1. Leaving ligands, DNA and RNA out of it, report the carbon-plus-sulfur percent of the accessible area of segment 262-308 at a 1.4 Å probe.
2. Check residue 157: other-chain or 5+ apart residues with amide H under 5 Å from its amide H, H built from backbone geometry?
3. Rounding to the nearest 10 and keeping the result within 0 to 90°, find how far the Cα-based axis of helix 241-267 lies from the longest principal axis of the chain.
4. How big is the dipole moment of segment 355-422 about its Cα centre under a simple scheme where the beta carbon of each Lys and Arg is +1, that of each Asp and Glu is -1, and everything else is neutral? Debye, nearest 20, please.
5. Considering only the other residues whose Cβ falls under 13 Å of the Cβ of residue 321, what net charge follows from Lys and Arg at +1 and Asp and Glu at -1?
6. Normalised by the number of residues in segment 261-323, what is the relative contact order in percent for Cα pairs under 8 Å and 6+ residues apart?
7. Rounded to the nearest 5, what % of the DSSP beta bridges within the chain are antiparallel ones?
Amino acid sequence: MRMKKNNKTNHMWGGRFNDAPAALLEKLNASIHFDWKLYAQDIRASLAHCEMLAECGIIEKKDATNICQGLKEIADEIANGEFTFSTTLEDIHMNIEARLAEKIGDVAGRLHTARSRNDQVATDMRLYVRDAIDALLNQLKTVMLTLSQKALENADLLMPGFTHLQPAQPITFGHHLLAYVEMFERDRQRFTDCRKRVNVNPLGSAALAGTAFPIDRDMTTNKLGFRTPTRNSIDAVSDRDFVIETIFCCAMTAMHISRFAEEVILWSSQNYGFIRLSDSFSTGSSIMPQKRNPDSAELLRAKTGRIYGSLTTLLTVLKALPLAYFKDMQEDKEACFDALETLSLSLETLNAMIEPIHIHKETIENAANAPFITATDMADWLVRSLKIPFRQAHHITGALVAFAEKKNCQLAELSLHDMQSIHPAITEDIFSVLSVKQSVNSRNVFGGTSPIQVTEAAQFWLNRLNT
Ligand code: ARG
């Protein structure tokens, strides 16, 4: 990126100043090295503002034509890396305006009629965040499709379901994967809802009090695809809730990614051996040749911390800020950009990492046969067949588990005689509920883990996401 410095007073606001800002202030104050990223949104908003000024008769049509032409050329210059940014000009807004003046002369100065950098930057940020949300929504959908497809393929793959990381009850692998689809769906809903509050138009609020020029706020609202103009000019220039809320949505999504990443790390460890990450998403060790490390999943897990950091930064920057605009608010940008970019990279990596995962089906099914994993099914049988209250059934099953443990066998390997020594009314029929497969098949309630339910749920998601 081309960047120049000079020692003149800032000609955008330097009228009442004799001396140039201290080099240190310039360094502290300049935001161009990060807010240049707003250039496309800044120019989009300026074009809408300029057209509106002309249509309302506030500036001449021919001036507006010149301004718009110049702005479009500047957009190309920046996109092509031909633009020289200046730190003396502080930020993206003044860099673009100064370049416009170089290109078309004094008439460039008419663009800033009925506008302030305060409503300008609020507008740019809203457009930027809105664009970013739309891209993230698409990425979330892609991840959900990938997971749903894998769930469909593994709707009947038996695995141990865990609580406290201890084998709890048998489940299906597809059901486990679809749990993450539910999380990402809630993330999509949160982003979609947040987007409504992002999508309002601050233009026309000017510095903080609105403007005396006869502008048409609905016109810029329509041109920029906003839902409605903001209702209070003071709030409009000082509100960054929409940034914080968006980053909160990012943080929640990242938290979900980190949970999945953690499972990938566990599952690909030798102790579990459930999956094997592809070579392209594993790394080796510089000293131990046998190692295959799940670095991709580890980094996804860690990036979450970085996004939380941005959320904390933004909440803290805005804390106790009186109305209306303060330069503090310039600090929203790096945290915002970083969180959005980090989440986007994480979602892209997550999807690419899941796609080629090799699932060791046999290992997973063997693990599903963990000792006594169908104990709940046994207790349920006592409730259903012998009409024993569940609490008591739980107690009897506990005794049967202890018995099997002593005999070093599975529940299904106890003889009827053994079982009747614990409770005389037990019949042969109890053996029908003790297999892992039967356990999973029996949980055929809506939302349950049976292959029938999981197949339907996966198909539901695939249909919904594809339409
Ligand atoms: N670069 C500034 C920001 O990001 C633009 C607004 C400046 N407004 C002002 N009154 N100094 O917040």
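1. Working: 1460 of 2780 Å².
Ligands and nucleic acids excluded, carbon and sulfur reach 52 percent.
2. 173, 174
3. It is inclined by approximately 30 degrees.
4. Details: 6 positive and 8 negative charges, 82 e Å.
It comes to approximately 400 debye.
5. Working: positive: 240, 319, 327; negative: 235, 239, 241, 328, 331, 332.
Here the count lands on -3.
6. Working: 43 pairs, mean separation 17.0, N = 63.
For segment 261-323, the relative contact order is 27 percent.
7. Values: 9 of 14 bridges.
About 65 percent, rounded to the nearest 5.
The values are calculated or read from the model by the stated rules, or taken from the named source; none is laboratory data. What you see is a predicted model; the values in this text were computed from it and never measured. Cβ: placed from backbone, ideal geometry, glycine included. Neighbour counts: every protein chain shown. The area values use the complete protein model at the heavy-atom level, side chains included, leaving out ligands, DNA and RNA. Shrake-Rupley method; radii C 1.70, N 1.55, O 1.52, S 1.80 Å.
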